[in-house]
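The values are calculated or read from the model by the stated rules, or taken from the named source; none is laboratory data. Since the model is a prediction, treat every value here as computed from it, not as a measurement. As a convention, Cβ positions derive from the backbone with ideal geometry for all residues, glycine included, and neighbour counts pool all protein chains shown. Remember, those area values only see protein heavy atoms, side chains included, never the ligands or the DNA or RNA. Shrake-Rupley method; radii C 1.70, N 1.55, O 1.52, S 1.80 Å.
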Amino acid sequence: MTVPRVGEVNARARPISPARRWWRARPSDWMVRAASVLAVLGIWELFGPLLNPIILRPPSQIFRAFVDLIANGELGVAMVQSMRVFGAGLAIALAAGITLGIVSGRSRVVYNVLDPWISALYSVPSVALVPLIAVAFQYSGDAPRVATVVLFAIFPILINTQQGVRNVDPGLLEVARAFNTSERRLWGDVIVPAAMPFIFTGIRLAIGRALIGMIVAEFLVGLAGLGYLIIVYQNTFRIDKMFVPVIVVAAFGIALMGLVQFVESRVAPWTRREQ
Amino acid sequence: MNRIVVESATKRFGSGVLTVFEGLGLAVRDKETLCILGPSGCGKTTLLRCMHGLAHLDGGRIVIDDLEVRAPRRNVAMVFQHFGLMPWKRVSENVAYGVELAGLPRTTIDERVGRYTEMVGLTGFERSYPYQLSGGMQQRAGLARALALEPDILLMDEPFGSLDAQTREILQDELLRIYQQQPRTMVFITHSIEEAIALGDRIVVLTARPARVRDTILVDIPRPRTVASVVAHPRFVELRDHCWRLLRERLVA
Ligand SMILES: Nc1ncnc2c1ncn2[C@@H]1O[C@H](COP(=O)(O)OP(=O)(O)O)[C@@H](O)[C@H]1O
Ligand SMILES: [Mg+2]
């Protein structure tokens, strides 16, 4: 039996890159995952140094480098520098992206005002604009790095929010009208919740791109933070130490994705049906 | 006394290319159930949307309680073919939606939500989300949302059309029970002849597009009814055959 439901009109309008729902993996899934990681680490530990002793430093040595970098405070300082920039940049990108996305999703005029700029900026590889940002902010302080993070992160969240708002089921908008919904309640009752899965997908994509922006800015503009550590240890051929910030960034990204998915399951529990 | 009067109503779509209905006229009397029966795509939903002020006529007018319809009114409620539940609201929140917007006091809202949730048989599912419910249960919630407004006029757009036969009959019986306890004005759209006879006091049969009123039939089967008692009634077969002929005439032609 097929039961047409409201929302089915929209069922095909999925957000870009649907969420990976790994937190509901079964215990057996986790065992396979753990085994995979341990196997690769084991092979790397045993055979890596035989292949290329300079580049493929064994995990045990990387772990020791990790402990060293924590002990001498280098890692802590770099993390604080990076997180400050990442946090500020992502916060600005999300606030601006969601606001502009909602407004431009509802208003034809605002959409047309923004669209050429979004299309132009989004089709240029963001990296290509980083030197421009550096010059514009005169290489000083956190500002150019924050701006880079914003540049990297804002488009996925803006575009997804916009799509979410534009794809609100017209059937539900009519239901809202049929019950005399005020414009203010329309936003809270219909438009924003309908856009919620798209917004969360946008946030996940934005986090990934914000991390890239952060590292790129640290490579090219700031000479600070985790990205700078990577460059320093690359130049001095301390590949074991070079791996540490890389792993920290990866772990941070994974933790943040998990957090977002947890928040989504709390804020938007009805989207569970979509998996 | 007439509650709703549709006078030579005309509706077109696509800047006039598609004429859905033209010069359509009908009246709905106080406290009667008027079933509107017509083939798929003949414009039944469009007519109901116009009755509720969700779409506007290109000619003629629709009058409810002596006032021309321009926008949805507080004393009219609608049940949708597609159920129209908000996926992000729990059953109780969906049922409360209309009464909240009507600005009733909180205690009245809670009391109505409880009463109508129970009346449609959804007690125990108040905290469920629509995706956790079957189609029949979703439409029960849609029905409770409309009933909770205690509207003078209920507009039903093929509410049971997408349900399986068994669920449909259960809900038809419950609707009969609810409305026989407390008769109010109802416009019930359907493409099912059996449903129109079971629920209606009168049936307006529409032709295919552009829709006109082909005929109006009085359903002289006494109340209280159940679907089973209607089907078993000697008049049922005659009425059904009559409706069939009216609908088929146009299809064959
Ligand atoms: N908003 C609309 N814009 C254009 N055409 C429409 C619109 N709504 C309905 N139609 C067309 O009007 C006709 C009648 O539709 P509808 O009222 O939904 O029929 P029914 O409910 O009887 O099946 C159909 O041909 C449909 O495609
Ligand atoms: Mg219809």
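Where strands (runs of 3 or more DSSP E) sit wholly within the range B:33-140, none has at least 2 residues that are charged (D, E, K, R) and within 14 Å of chain A (Cβ to nearest Cβ).
Note on the range B:17-69: residues that are over 20 Å from B:F80 (Cα atoms) and within 16 Å of ligand 2 (Cβ to nearest atom) total 3.
So which helices (runs of 4 or more DSSP H) stay within the range A:146-225 end to end and still have 1 or more residues that are away from every other protein chain (no Cβ under 11 Å) and hydroxyl-bearing (S, T, Y)? Outline the logic, then answer.
Values: elements: A:170-178, A:183-186, A:192-217.
Hits in the range A:146-225: A:192-217.
Note on the range B:201-230: among residues that are of a type in the set (A, V, I, L, M, F, W, C) and part of a loop (DSSP other than H, G, I, E, B), the one that is most open to solvent (accessible area, probe 1.4 Å) is B:A208. Does the range A:142-163 contain any residue that is surrounded by fewer than 12 Cβ atoms within 10 Å (Cβ to Cβ) and either of a type in the set (S, T, N, Q) or modelled with pLDDT under 95 (or both)? No; the residues of the range A:142-163 include none that is surrounded by fewer than 12 Cβ atoms within 10 Å (Cβ to Cβ) and either of a type in the set (S, T, N, Q) or modelled with pLDDT under 95 (or both). Filtering the range A:226-275 to residues that are within 14 Å of chain B (Cβ to nearest Cβ) and either in contact with a Pro (Cβ under 9 Å, 6 or more places away or on another chain) or more than 30 Å from A:F198 (Cβ to Cβ) (or both) leaves A:E264, A:A268, A:W270, A:T271, A:R273, A:E274, A:Q275.
For the range B:173-190, check the following and say yes or no: at least one residue is away from ligand 1 (no atom under 16 Å from the Cβ), assigned to a helix (DSSP H, G or I), of a type in the set (A, V, I, L, M) and buried (at least 20 other Cβ atoms within 10 Å of the Cβ). Spell out how you get there, then give the answer.
Within the range B:173-190, the subset away from ligand 1 (no atom under 16 Å from the Cβ) is B:173-186.
With assigned to a helix (DSSP H, G or I) added as a condition, the list becomes B:173-181.
Then keep just the ones that are of a type in the set (A, V, I, L, M); that gives B:175-176, B:178.
Subset that is buried (at least 20 other Cβ atoms within 10 Å of the Cβ): B:175-176.
Yes: one or more hits.
Among the criteria (1) touching a residue at least 40 places away in the same chain (Cβ under 8 Å); (2) open to solvent by 90 Å² or more (accessible area, probe 1.4 Å), the one A:V135 does not fulfil is (1).
Of the residues B:V95, B:V69, B:V5, B:V76, only one is touching a residue at least 60 places away in the same chain (Cβ under 8 Å), away from ligand 1 (no atom under 13 Å from the Cβ) and not polar (S, T, N, Q); which?
Details: B:V95 fails: touching a residue at least 60 places away in the same chain (Cβ under 8 Å); B:V69 fails: touching a residue at least 60 places away in the same chain (Cβ under 8 Å); B:V5 fails: touching a residue at least 60 places away in the same chain (Cβ under 8 Å).
It is B:V76.
For B:I197, indicate whether it is away from chain A (no Cβ under 14 Å), away from ligand 1 (no atom under 16 Å from the Cβ) and buried (at least 20 other Cβ atoms within 10 Å of the Cβ). Yes.
Screening B:P151 with (1) within 12 Å of another protein chain (Cβ to nearest Cβ); (2) over 17 Å from B:Q81 (Cβ atoms); (3) buried (at least 22 other Cβ atoms within 10 Å of the Cβ) gives one miss only, at (3).
Does the range A:84-110 hold any residues that are open to solvent by 50 Å² or more (accessible area, probe 1.4 Å) and touching a helix residue (DSSP H, G or I) at 6+ places or on another chain (Cβ under 8 Å), and which are they?
If we filter the range A:84-110 for residues that are open to solvent by 50 Å² or more (accessible area, probe 1.4 Å), which is where we start, we get A:84, A:91-92, A:95, A:99-100, A:103, A:106, A:108-109.
Result: A:I92, A:L100, A:V103, A:R106.
Report, by residue number, each residue of the range A:226-251 that is open to solvent by 60 Å² or more (accessible area, probe 1.4 Å) and assigned to a helix (DSSP H, G or I). Of everything in the range A:226-251, those that are open to solvent by 60 Å² or more (accessible area, probe 1.4 Å) and assigned to a helix (DSSP H, G or I) turn out to be A:Y228, A:Q234, A:N235, A:V246, A:I247.
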